[in-house]
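First comes the structure, then the notes that go with it.
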Amino acid sequence: MIRHGVLVCLCFREQIGHCRGYLAIYLISHDSIMPLTSTQTPQNHIHRVTIAALLVTVGIVFGDIGTSPLYVMKAIMGVNASFDADYVIGAVSCVIWTLTLQTTVKYVLIALRADNKGEGGILALYSLIKGLRRRWIYVLAAVGASALIADGVITPAMTVTSAIEGLRDLNPSAPVLPIVLVIISAIFLVQRLGTKAIGKFFGPFMLAWFLMLGILGVVHLPEHWAVLKAFNPYFAVKLLVDYPGWFLILGAVFLCTTGAEALYSDLGHCGRLNITYSWLFVKLMLIINYLGQGAWIIAQGTGYVHEVNPFFGVMPRWFLPAGILISTGAAIIASQALLSGSFTIFSEAMSLDFWPRLRIKYPSTVKGQLYIPLVNCFLYIGCILTVLLFRTSGHMEAAYGLAITVTMLMTTLLLALYLRHCGVAMWLVALFATVFVIIEGGFFVANMFKFMHGGWFTVLIAGLVCAVMLVWRRASEIRGKYIEYRNFKDYTDIIKAMQHDSEIPKYASNVVYLSRSQSPDMVESKLVYSIINKQPKRADHYWIIRVEFTDSPDTLEYERDILVPDTLTSFKFRIGFRIQPQLSVYFRQAVEDMISEGLIDLTSGYPSLRRYGIAGDFRFIVIHRIFSPSSQCDSRDRMLMNLHALLRRMELGTGSAFGLDTSMLKIENVPLIINSRTSRRIKKI
């Protein structure tokens, strides 16, 4: 996707030692090309299956779904005040088959194969099919991504609160709320530091967590062996048919699979086979724990107290403090995984033109780890509001789940389009879509009954994020539609004449433009106007840079077209949607390639400087298109453009967003006039 027009002057300086951020071309040594940083190095998307890789996968992929036993059975039992063994067995059966159909079949067996050069997630899936001629596809992606962000807001609050509430089994007056607020604040505070130092402990810790789940479940199975009948789907169907409040049960059951989308989103970090093999272990531990909780509940009979969380109820009294501590650690790791996933979604949204460009930082060299300060602040405020608004995990359950069902539905529709695009038989695609739309539609309807009890909160968050995405995307399309292009070859004679016109003051030795054009021969009319008409810019060399954000996540390559030898050169940089644009670095490397090939001499044209081998200067000028009030367009487009202008206030400046040297930056504001209807012409009288 081509971005804003920019006239760039790059200040090349001879330096000894480090470049200190400048685009330094070493005229003495042409082979001193700065290596790409770790965030730019293409990654091999083939992940080997090793014990270490499986351990890492357990640590970073399954945090959300792995902490669901903290609250799922508690939520299910909260639906029915009076229960019998059949109710519990049916509920556990619903959990088992939800994990099997929704997580194992849809995500592990199908979705993980829909990878974009090894990367997964709903926006990566959208990148694979965005070329299809269906305008509404981007709406599905925006709705799904925004709902996933809403889930990222409430999940840390839900998991941490559920874990800390275990303290009330030790001391009913324990100050749960203040402790939760402190832990959540600490989680968000350390995001700027990254997790390189402690990330290596995530795998062993989560392995211990899942082993604890399995052991606690196995210990209580003998209390009621009949709970093993839950493997028979008949009991799940029987419960939903016989129980009039089936929709409430489904709403609680769905909480067991809310982390399934994370399996797909983390595909690029761990690889399909590592996730698949790890899931076999994780699923086994989860099911055993759910069976153990079910057996324990049935064994309690009429003595079961609904205020007691079955997850902590199955723990021996002597183990409860350690269990609460381990649960809190697992909740923190799950929250960390959700936050990292949210940062990745926003980063992808920026590259896919769904979101204004924000400042991105890389707190460590760990692959895929990034930090977006504004997003971190937004998510933190959302989490704190969630805790203060709902106060207990029981109340949060009402808000939890509704948004993620929307994401899953959108993923199903996009997967169906992708499968058909790959040539899968229509009847198989229809079968896949029908089965999972029915399953997820049922969960959606069930969760809609929570709307007035808290579901509105996540819908509100998702709606706000989605509105920004759709407005930004649609307004960007409108802006691109009304950009006028001209053939650059029609102006090369004028530019060459300007070079030799001493009456025109030299603007810079080198002038570089960033163009939206798909072709090296075509450029925006405003770009030509900037060179020739608006303070004519005489220079020794002119450069055109065209940027294309590719569907492949880690692409980093360029093409070169020499339009006029030693005068006018066009570059096309192809950058993956997960690569942070650093055009200063890429441009410098491309120019160094030309120097090493003897295609150009960048020594200053001023005799006094040339005598000492000083490189010519470069300048940056950003062409900023501002929506003009004189535009003749309908009220809907005018509203979109005004909202777009409002959203641009939080956008990072073009120079910073694209990694350009801002030490010599000038902004040129030009009007963007949108005329979708004929304007009235004044008449002479």
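Kirkwood hydrodynamic radius (Cα pairs, Å) of region 224-312? Could you put the intermediate results ahead of the total?
On the way: mean 1/r = 0.0644 Å⁻¹.
Evaluated over region 224-312, this radius sits at 15.5 Å.
Please give the calculated 222 nm ellipticity per residue for the chain, where each DSSP H segment of at least 4 residues contributes -39500 (n - 2.57) and the sum is spread over every residue; nearest 500 deg cm²/dmol? Please list the in-between numbers first.
Values: 28 runs with 352 residues, N = 685.
Mean residue ellipticity at 222 nm (helix-derived): -16000 deg cm²/dmol.
Which of the lysines could a cross-linker span from Lys489 if the Cα-Cα distance has to be under 27 Å and same-chain partners fewer than 8 positions apart are dropped?
Cross-link targets: Lys481, Lys506, Lys526, Lys534, Lys537, Lys572, Lys666.
List the relative contact order of the chain as a percent without decimals, with contacts defined as Cα pairs under 8 Å and 6+ residues apart. It would help to have the intermediate numbers written out before the result.
Values: 1151 pairs, mean separation 166.2, N = 685.
RCO, the chain: 24 percent.
Give, as ranges by residue number, the residues of region 645-664 whose backbone N falls under 17 Å from the point 7 Å along Cα→Cβ of Lys534.
654-655
Hey, what D do you get for region 341-422 in µm²/s if you plug the Kirkwood alpha-carbon radius into Stokes-Einstein at 25 °C and 0.890 mPa s?
On the way: Rh = 15.5 Å.
Here the translational diffusion coefficient equals 158 µm²/s.
Starting from the eigenvalues of the Cα gyration tensor, five times each then square-rooted, give me the equivalent ellipsoid semi-axes of region 374-530, largest first, whole Å. Kindly include the intermediate steps, with their values, before the conclusion.
Numbers: eigenvalues 546, 135, 23 Å².
Three semi-axes, in Å: 52, 26, 11.
Based on alpha-carbon atoms only, what is the radius of gyration of region 605-685 relative to the globular estimate 2.2 N^0.38 Å? All intermediate terms of the calculation are to be shown ahead of the outcome.
Numbers: Rg = 20.4 Å, N = 81, 2.2 N^0.38 = 11.7 Å.
Expressed relative to 2.2 N^0.38 Å, the Cα Rg reads 1.75.
Within the accessible area of region 365-480, what % is carbon and sulfur when the probe is 1.4 Å and the other protein chains stay in place?
Values: 3710 of 4700 Å².
Reported share for carbon and sulfur atoms: 79 percent.
How much of the accessible area of region 103-217, probe 1.4 Å, is carbon plus sulfur, in whole percent? Kindly include the intermediate steps, with their values, before the conclusion.
Numbers: 2900 of 4260 Å².
Summing carbon and sulfur atoms, their accessible area is 68 percent of the total for region 103-217.
On the first, second and third principal axes, largest extent first, how far apart are the outermost C-alpha atoms of region 138-220 in Å?
Cα spread of region 138-220 along its principal axes, largest to smallest: 48, 31, 31 Å.
In region 58-81, which residues have a backbone nitrogen under 16 Å from the label point lying 7 Å from Leu284's Cα in the Cα-to-Cβ direction?
58
Taking Cα atoms, how many degrees apart are the long axis of helix 137-164 and the longest axis of the chain, rounded to 10 and kept between 0 and 90?
The angle comes out near 50 degrees.
Please state, as a whole number in µm²/s, the translational diffusion coefficient that the Stokes-Einstein equation yields for region 68-109 at 20 °C and 1.002 mPa s, with Rh defined as the Kirkwood radius across alpha carbon pairs. Kindly include the intermediate steps, with their values, before the conclusion.
Working: Rh = 11.3 Å.
In µm²/s, the coefficient is 190.
Where does the chain land on Rg/Rh, using Cα atoms and the Kirkwood Rh?
Details: Rg = 29.1 Å, Rh = 27.6 Å.
Answer for the chain: 1.05.
Could you calculate the FRET efficiency of Leu428 with Leu101 from 1/(1 + (r/R0)^6), where r is the beta carbon distance between them and R0 is 22 Å, rounded to 0.05?
Working: r = 16 Å, r/R0 = 0.75.
For Leu428 and Leu101, the calculated efficiency is 0.85.
One-quarter of the Cα convex hull surface for region 470-571, in nm²? Don't skip to the answer; put the middle values down first.
On the way: hull surface 31.3 nm².
Convex hull of Cα atoms, orientation-averaged projection: 7.8 nm².
Per residue, how much accessible surface does the chain expose to a 1.4 Å probe? Answer in Å², no decimals. Present the calculation step by step, with values, prior to reporting the outcome.
Details: 28370 Å² over 685 residues.
Per-residue value: 41 Å².
So what's the angle, to the nearest 10 degrees on a 0 to 90 scale, between helix 176-189 and the longest Cα principal axis of the chain?
So the helix axis and the longest Cα principal axis differ by about 30 degrees.
Multiply the residue separation of His421 and Asp490 by 0.36 nm, subtract the distance between their alpha-carbon atoms, and state the gained length in nm to one decimal.
Numbers: separation 69, 0.36 × 69 = 24.84 nm, distance 4.12 nm.
Gain in length upon complete extension: 20.7 nm.
Pop a pseudo-label 7 angstrom from the Cα along the beta-carbon direction at both Leu385 and Asn669 and give the gap in nm to one decimal.
3.2
Rank by packing, highest mean first: peptides 323-330, 169-176, with packing defined as the count of other Cβ atoms within 10 Å averaged across residues. Working shown, then result.
Numbers: 323-330: 19.8, 169-176: 12.8.
So the peptides 323-330, 169-176, ranked by packing, come out 323-330, 169-176.
Compute the angle between helix 272-300 and the longest alpha-carbon principal axis of the chain, please, reported from 0 to 90 degrees and rounded to the nearest 10.
The answer is roughly 30 degrees.
Expressed as a whole percentage, what fraction of the accessible surface of region 533-644 belongs to carbon and sulfur atoms when a 1.4 Å probe is rolled over the protein heavy atoms?
Details: 2190 of 4420 Å².
Carbon-and-sulfur percentage of accessible area, whole number: 50.
Just to check I understand the Karplus step: with θ = phi - 60° and J = 6.51 cos²θ - 1.76 cosθ + 1.60, what whole-Hz values come out for region 251-257, glycine and proline as x?
3J(HN,Hα) across region 251-257, in whole Hz: x, 7, 4, 4, 4, 6, 10.
The values are calculated or read from the model by the stated rules, or taken from the named source; none is laboratory data. Here the structure is a predicted model, which means the values were calculated and not measured. Counting neighbours? That spans all protein chains shown, and the Cβs are built from the backbone with ideal geometry, glycine included. Keep in mind that these areas ignore ligands, DNA and RNA; they rest on the heavy atoms of the full protein, side chains included. Shrake-Rupley method; radii C 1.70, N 1.55, O 1.52, S 1.80 Å.
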